[in-house]
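To start, the structure itself, in structure tokens.
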Amino acid sequence: MTATAVLRVKFVGGAHMDVTIEGTDVDEDELVDHAISALATSSGMLRARHGDRLVVVFARGVAAVEVAPRGAVL
């Protein structure tokens, strides 16, 4: 089973980028927890996809992370 999550990464400079992360043998909540843990330290990094490109997001430049909503937004 492969879980996929879409994250909107907001950078310190004000820009943002939507990236997709994937993980095997985990559910979506565990995958998001892994991403947050990876970006919680100043030396952390996260491998993700932006379209067809592999990108690495370094925690030092990240100001916030939003998780794409599942279902209706109230």
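Bear in mind these aren't lab numbers, they're just calculated from the coordinates by the rules spelled out. Source: prediction; values computed, not measured. All Cβ positions, even for glycine, are placed from backbone atoms using ideal geometry, and neighbour counts span all protein chains on display.
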Legend entry - Yes/no for E66 being surrounded by 11 or more Cβ atoms within 10 Å (Cβ to Cβ), out of contact with any Lys or Arg (no Cβ under 9 Å at 6 or more places or on another chain) and in contact (Cβ under 8 Å) with a residue 24 or more places away in the chain: no
Legend entry - Condition broken by L54, with the remaining ones in (1) loosely packed, with under 11 Cβ neighbours inside 10 Å; (2) within 10 Å of the chain's Cα centre (by Cα) satisfied: (2)
Legend entry - Subset of the range 14-42 [of a type in the set (S, T, N, Q) and either in contact with a helix residue (DSSP H, G or I) (Cβ under 7 Å, 6 or more places away or on another chain) or closer than 13 Å to T4 by Cα (or both)]: T20, T24, T41, S42
Inset, instruction - Please find, among G61, G44, G13, G23, the residue that is surrounded by 11 or more Cβ atoms within 10 Å (Cβ to Cβ) and in contact with a Gly (Cβ under 9 Å, 6 or more places away or on another chain). - result: G61
Inset, instruction - Considering only the range 32-54, state which residues are within 16 Å of T20 (Cβ to Cβ) and acidic (D, E). - result: D52
